[in-house]
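The structure appears right after this line, and notes come after that.
The values are calculated or read from the model by the stated rules, or taken from the named source; none is laboratory data. Computed from a predicted model, the values in this text were never measured in an experiment. Neighbour counts are summed over all protein chains in view; Cβ atoms, including those assigned to glycine, are modelled from backbone coordinates with ideal geometry.
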Amino acid sequence: MAVVVRLVTPREFGVFAVAFTVHAVVTSMSELGVVSVLQRGDTDPDKLAPTVATVSLVSAATVATGMYLLAAPLATALGADEAAPAIRVMALAVLMVGVFAVPGAMLARDFQQNRIFRANLVAFVPSSALLLVLASAGEGALAFAWSRVLGQLVVGVVMALSADKRYGFGFDRGVLRFVLGVGLPLAGANLVGYTLLNIDYAFIGRLLGPVELGVYVLAFNVANWSMSLLNAMINGVAVPMFSRLRHDPAALARALWRAHQAVAVIGWPIAALSAASAGPLIETVYGRTWIAAAPVLAVLAPYGVLAVHALLYSNVLVGGAAHARMLLYVQLIWLATLIPAMWLGVQWEGVMGAAVAHVVVIVLVVAPTYLIAVRRMSGVSSSGVIRTVVPIACAAVLAAGADWLVAEQLTSPWSRLLSGLAVGCMVYLLLVARLAQTVLPDSENGTLGRLSTGLRRILELADLPRSALMHSVVRRNSNKQQPHLSNSEG
């Protein structure tokens, strides 16, 4: 990605962002939400899968056709007429969502994350190679579009070949009523959710043009590194896991607490250190051409990890409470608040105003709304989650402060980035080493187990200074008390 961004201009990147915005919103409703029924652990896939496959393919083909035919007016509405060809290409990716919906859902249902990861890893090589070739040839936005289509095709084929059981197409009216009853509210929530994720692109593209949009999209993508890292894992396991705990509120509460703890330990340092190192990070990785994205990144960085926490709550509403309709209500509240905030922000301060609007709305409106909704629908209180997440976030902020202080003493972007991150990471590990050990899996088998064991040993070493300090304090206090005890005994 970093190499390709250096090969294109902010305008070309902004044009692709317009095409991707259309693709993301259309994809959210392409299979009408019926795939989520297969992911739930309390349903019968043999009975449901053929009908789900048919509904997914028909609906995806329908919306992909509409996207292709309406490419030109959609591009114009979003402020980038030249995005129309890329939108037409991305319609192929929407079609493939329906073609490969069932294999992906079955792998997620059975917690086969290793196979899903393998599919994405296999797809990375040809899609990246195509992206580099087309970008070097000056194809601009079309390079990103064709790369995305090829990547999705390869992922779908590998997942289909990896599935333990394959299902054909079928149709059952009784099953159709059930899957649409569950899926349509979720499709509506997904549509609102993806609109939320892209409403800023629409405002900026329309009001400021593709150049400003390209700068903003780059900052937003970096701010969402934690979201990109964690989203696939959460979406792959959260609904099946929470659905199995639906009738055990205590177990559901523990699972939610552990999930938020893991997200916080990983996500908050990424967000905080990205904000502290925004300038040298952008200049080092993407080049001086994109330096205007640095202040936007500094503001947007917390949004990425906050959005992951929100994603966990949305999965609880779908899996743990089986109440996709409530998720739709929450998303509508989010959208109704964000639209005026985003318009005001863009009018006030351009892309910086859009970044501020995102963070303010998710903190003041979205987070409290999710807490109330989850408590009402599942009976699960989030007080334990808050008590766990806040100290981790504070540790990340302190680490970011150390990062910034070190970076300010240097001049070279490389030295500022590497030195600041090194100090920031050390400070963070010293503060949360013991807690981070509890997040790692206990298994010692396989690649994941060996990686977990190695990380656990690193964290144990990081915790040694804190343990030694605590032992010293306890021993000093004990020595102070000893004469007092002797005198009283005498």
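For the range 369-391, taking the residues that are part of a helix (DSSP H, G or I) and of a type in the set (Val, Ile, Thr), the one that is nearest to residue 317 (Cα to Cα) is identified as 374. In the set 366, 346, which member is part of a helix (DSSP H, G or I) and over 20 Å from the mean Cα position of the chain (by Cα)? It is 346. All of (1) surrounded by fewer than 19 Cβ atoms within 10 Å (Cβ to Cβ); (2) in contact (Cβ under 8 Å) with a residue 12 or more places away in the chain; (3) not aromatic (Phe, Trp, Tyr) hold for residue 230 with one exception: (1).
Has the range 24-34 got at least one residue that is in contact (Cβ under 8 Å) with a residue 24 or more places away in the chain, among the charged types (D, E, K, R) and crowded, with 21+ Cβ neighbours inside 10 Å? Yes, the range 24-34 contains a residue that is in contact (Cβ under 8 Å) with a residue 24 or more places away in the chain, among the charged types (D, E, K, R) and crowded, with 21+ Cβ neighbours inside 10 Å.
In this structure, residue 407 does satisfy being over 24 Å from the mean Cα position of the chain (by Cα), modelled with pLDDT of 50 or more and surrounded by 19 or more Cβ atoms within 10 Å (Cβ to Cβ). Give the residues of the range 159-181 that are surrounded by 14 or more Cβ atoms within 10 Å (Cβ to Cβ) and either under 14 Å from residue 56 (Cα atoms) or more than 31 Å from the chain's Cα centre (by Cα) (or both), sorted by residue number. Those that are surrounded by 14 or more Cβ atoms within 10 Å (Cβ to Cβ) and either under 14 Å from residue 56 (Cα atoms) or more than 31 Å from the chain's Cα centre (by Cα) (or both): 167, 169, 170, 172, 175, 176, 179, 180.
Of the residues 197, 213, 218, which is of a type in the set (A, V, I, L, M), outside the structural domain of residue 413 (by TED's automatic domain parsing) and surrounded by fewer than 20 Cβ atoms within 10 Å (Cβ to Cβ)? From the options 197, 213, 218, the qualifying one is 197. Taking the range 17-135 as the region of interest, none of the helices (runs of 4 or more DSSP H) fully inside it holds 3 or more residues being touching a strand residue (DSSP E or B) at 6+ places or on another chain (Cβ under 7 Å) and either among the acidic types (Asp, Glu) or not assigned by TED's automatic domain parsing to the domain that holds residue 180 (or both). Quick check on residue 266: is it surrounded by fewer than 21 Cβ atoms within 10 Å (Cβ to Cβ) and either touching a helix residue (DSSP H, G or I) at 6+ places or on another chain (Cβ under 8 Å) or closer than 12 Å to residue 362 by Cβ (or both)? It is true that residue 266 is surrounded by fewer than 21 Cβ atoms within 10 Å (Cβ to Cβ) and either touching a helix residue (DSSP H, G or I) at 6+ places or on another chain (Cβ under 8 Å) or closer than 12 Å to residue 362 by Cβ (or both). Checked against the criterion of being more than 30 Å from residue 43 (Cβ to Cβ) and modelled with pLDDT under 95, the range 308-331 contains not a single residue that satisfies it. Residue 204 falls short of the stated requirement of being under 19 Å from the mean Cα position of the chain (by Cα), part of a helix (DSSP H, G or I) and closer than 30 Å to residue 329 by Cβ. Of the numbered criteria (1) modelled with pLDDT of 90 or more; (2) out of contact with any His (no Cβ under 9 Å at 6 or more places or on another chain), the one residue 145 fails is (2). Looking across the range 238-284, the residues that are over 15 Å from the mean Cα position of the chain (by Cα) and among the aromatic types (Phe, Trp, Tyr) come down to 242, 257. For the range 136-178, a residue qualifies if it is assigned to a loop (DSSP other than H, G, I, E, B) and either without any contact (Cβ under 8 Å) to a residue 24 or more places away in the chain or within 20 Å of residue 34 (Cα to Cα) (or both), and the qualifying residues are 137, 138, 139, 163, 165, 166, 167, 168, 169, 170, 171, 172. Between 406, 423, the distinction of being hydrophobic (A, V, I, L, M, F, W, C) and more than 15 Å from residue 269 (Cα to Cα) belongs to 406 only.
Residues of the range 275-293 that are under 22 Å from residue 342 (Cβ atoms) and surrounded by 21 or more Cβ atoms within 10 Å (Cβ to Cβ): 275, 278, 293. Would it be correct to say that residue 374 is in contact with a helix residue (DSSP H, G or I) (Cβ under 8 Å, 6 or more places away or on another chain) and either at negative phi or assigned by TED's automatic domain parsing to the domain that holds residue 271 (or both)? Yes; evaluated as a whole, the condition is true for this residue. Scanning the range 73-119 for residues that are basic (Lys, Arg) and within 14 Å of residue 26 (Cβ to Cβ) yields one hit, 88.
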